[in-house]
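Everything below concerns the one structure shown next.
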Amino acid sequence: MTTTSYRAGLSRAAAVTTAALALLAAPSAQAAADPGLPLGDADLVETRTSQTLADGVTLTRIVRGTEPAPADQINTTPRGPWVVNVLTIDPRKARGHLEANYGPDLARTEKTTDLVRASGALAGVNGSFFTFTASPQYPGDPVGLGLYGGKLLSEPTSDPAEVNFVVDSRSDRVLMGKLSWSGSVQNRKTGAKLPLEFLNHPPVVPAGCATLPDQTQCTEPGDVVRFTPEFAASTPSGAGVEVVLDRRGCVVRTSTTRGTQLTAGQTSLQATGREAATLRQVAGKDCLRTTSVLVDEKGDRLPLRNSLAGVNGRYRLTADGQIVVPDGSGSFFARNPRTVAGTTKDGRIVLATIDGRMTSSVGTTMDETAAVAHALGLHDAVNLDGGGSTTMSVRGELVNRPSGTTERPVGDVLVYRD
């Protein structure tokens, strides 16, 4: 989805693969008996084709409207068409679980189909908003929450638009809402403490200190960031201070420039601006205690365990069975391809994609997306990354039709592994 702060650009898969078409060719496709999705004119023909992928897992393809849209009316036509793919997981019957996956490392991007295939998953969709073109060197870096196998590798932002989708593979319970994070490092011997600002995001050198070879001489505020080996092959390089810690949190080495390789069990702390001198002073040659705390909207701490996975989205669509998407304008709120994650009142987990920006499927506004989520029975639902990122894959094959000329690599995915 193109936004000023998070993402830019378009890509598109030219066609659904033959394997995916065969997968969706269930014999019972027929016109829906109910009024169908609340999209466009009431007289539109709507068909639904469903197939059971595994115990408790179904894939439904909904096509509303029969005529291609005029190319100049994609954003306004009430005649559609719309193509919606819905993956439904019933934890009471399903043997597998939903997880989040980011590929070889956090900083790189991978195609959804490749991530589904590599993880041995039955199915999956794209997940978080990610840095993309804003950082050619680290395009997969999540812009917001990134929680994988209980490891918090990217903190939620303070942006009020961010909303998070967290699932516990042990219980299949889902948490949706706004999470907050705080972190710090403290010298165990001296008690000196320094707040952390980010997790696994390249720090920024203050503009006024950009030419200083020694960042410890800078008097402007900078960043303090914790890096883990999952980020990339090496930590971001540049001016600043970097302190490498062993698995016990004890200082291994300190450098007045940034950029190093971390071995298993090591982490590092990078600082720029005036925080560079503070980090070096706080760390010394001692051992540090690191804290990292996630709290939910009620202010309750979210304990991190290896069964937890979470991705970031932008805006809640439904909450407690009610449509709650805010009013808005601009390209983000206009018709686009969309990816939705949510749960029904009886606990089923739903992942859905809505194709868009094409004459064969025009996409949905944020209001239309929320209406679709509500019509699908989603008691609670979140808008994940969309636009050219919107992708659904089953057994590593494309199910939907992405909006670009090729399938866009993404930062992370939600996958169902059986």
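Straight-line cross-link partners of Lys193 among the lysines, defined as a Cα under 19 Å from its Cα and at least 8 positions apart when in the same chain: Lys285. For the range 236-317, carbon and sulfur atoms together expose 45% of the accessible surface, with a 1.4 angstrom probe and every protein chain in place. Solvent-accessible surface of the range 182-299, taken per residue with a 1.4 Å probe and all protein chains present: 48 Å². Bridgeable aspartates and glutamates around Lys178 (alpha carbons under 14 Å apart, same-chain partners fewer than 8 residues away excluded): Glu155, Asp159, Glu162, Asp296, Glu297, Asp300, Asp380. Taking 17 Å as the straight-line reach from the Cα of Lys93, the aspartates and glutamates in range (excluding those fewer than 8 positions away in the same chain) are Asp55, Asp168, Asp172, Asp346, Asp418.
Note on Trp181: accessible area is roughly 50 Å² with a 1.4 Å probe, heavy atoms of protein only. Once you sort the root eigenvalues of the Cα gyration tensor of the range 191-240 as a ≥ b ≥ c, which label holds: rounded (a/c under 1.5), prolate (a/b larger than b/c) or oblate (the other case)? Cα axes put the range 191-240 in the oblate bin. For the range 298-405, the relative contact order comes to 32 percent (Cα pairs under 8 Å, sequence separation of at least 6). Rounded, prolate or oblate for the range 50-156? Axes are the square roots of the Cα gyration tensor eigenvalues, ordered a ≥ b ≥ c, and the cut-off for rounded is a/c under 1.5. Note, shape of the range 50-156 comes out oblate. Counting only Cα atoms, the size of the range 138-183 along its three principal axes is 31, 24, 21 Å, in decreasing order. Accessible area per residue for the range 340-380 is 26 Å², calculated with a 1.4 Å probe on protein heavy atoms, without ligands, DNA or RNA. Measuring max minus min along each principal axis, the C-alpha atoms of the chain give extents of 71, 45, 39 Å (largest first). For Gly240, the residues 5 or more places off, or on other chains, whose built amide H falls under 5 Å of its own are Gln215, Arg258. The mean sequence distance of close C-alpha pairs (under 8 Å, at least 6 residues apart), as a share of the length of the chain, puts its relative contact order at 27 percent. Overall, the ratio between the Cα radius of gyration of the range 291-418 and 2.2 N^0.38 Å, rounded to two decimals, is 1.12.
Over the range 105-203, what is the relative contact order in percent, taking alpha-carbon pairs closer than 8 angstrom and at least six residues apart?
Values: 124 pairs, mean separation 17.0, N = 99.
Relative contact order, the range 105-203: 17 percent.
The values are calculated or read from the model by the stated rules, or taken from the named source; none is laboratory data. All of these numbers come straight from a predicted model, not from anything done at the bench. Please note that ligands, DNA and RNA were not included when accessible areas were found on the heavy atoms of the full protein model with its side chains. Shrake-Rupley method; radii C 1.70, N 1.55, O 1.52, S 1.80 Å.
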